[in-house]
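In what follows, a structure is listed as structure tokens, so that the remarks can point back to it.
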Ligand SMILES: [Zn+2]
């Protein structure tokens, strides 16, 4: 069995400062945002550790039915859910790098067809104010963002790759929360999870140009490398969108972990696709007690 690296069991000052801590149960390891949890919102950003998938071994692959057996994925989800004591219903969607937000009104709504978690519904963000529902987005390098409104109890989970970031999905989600639940940005806390960071994530001219066109002042997000290429900081882009929408900077917690540098801990599409062909999926989940 793949063991949990020693350095993460010991205290990690940088992680603590960022507002995160590790949670472990029976070999399943996940990152949790401490202040969001303290306000009554259990949450977890999964790692690849503690599962049953051959990716390459003991991997906690939580989605991607083309790359892994349903049996493995369901067992991994069962293990992941054990990080959340009590009775929870998981809700997810079929992510398409779009901007649609799925509003979940009730427990029945969360899981319309048994076992499917609503994954037939195309969207890239979910929101609810119902308790006992775990909203989950799936990533492997893309940026997962969770939102919690301590005043109304509304929560959201957002999948923001470069396309989602470009189309300001995190701002769309806040707007939807405000419309559905009267959420005000000043009451919101956000956690931006592990993703491909600007140490590793190089994009081409198509992405650079698309951002330049939509956000003339986005040059600072890019660090040029070779001709027509640059390293991009999507965590920062999403943090800046949250701030622009009115979320206080001190209420935004950013996990200082790169999925490409820490391929031992996280799945990385960019690192593993060419290497193995099949890539596991992480989950970022948040619920309301
Ligand atoms: Zn990196």
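The values are calculated or read from the model by the stated rules, or taken from the named source; none is laboratory data. Owing to the predicted nature of the structure, the values given are computational and were not obtained by experimental measurement. Neighbour counts are summed over all protein chains in view; Cβ atoms, including those assigned to glycine, are modelled from backbone coordinates with ideal geometry.
Remarks
- The set of residues from region 260-277 being touching a helix residue (DSSP H, G or I) at 6+ places or on another chain (Cβ under 8 Å) and touching a residue at least 24 places away in the same chain (Cβ under 8 Å) comprises 260, 265.
- Residues of region 242-289 classified as in a loop (DSSP other than H, G, I, E, B) and away from the ligand (no atom under 16 Å from the Cβ), total: 12
- Within region 164-183, if we keep just the residues that are assigned to a loop (DSSP other than H, G, I, E, B) and in contact with a helix residue (DSSP H, G or I) (Cβ under 7 Å, 6 or more places away or on another chain), the residue that is nearest to the ligand (Cβ to nearest atom) turns out to be 168.
- Residue within region 227-236 that is part of a strand (DSSP E or B), within 16 Å of the ligand (Cβ to nearest atom) and more than 22 Å from the chain's Cα centre (by Cα) present: yes
- Selection count, region 191-219, where residues are closer than 30 Å to residue 32 by Cβ and away from the ligand (no atom under 16 Å from the Cβ): 1
- Counting only helices (runs of 4 or more DSSP H) wholly contained in region 1-107, the ones carrying 1 or more residues that are crowded, with 21+ Cβ neighbours inside 10 Å and modelled with pLDDT of 95 or more occupy 34-38, 70-81.
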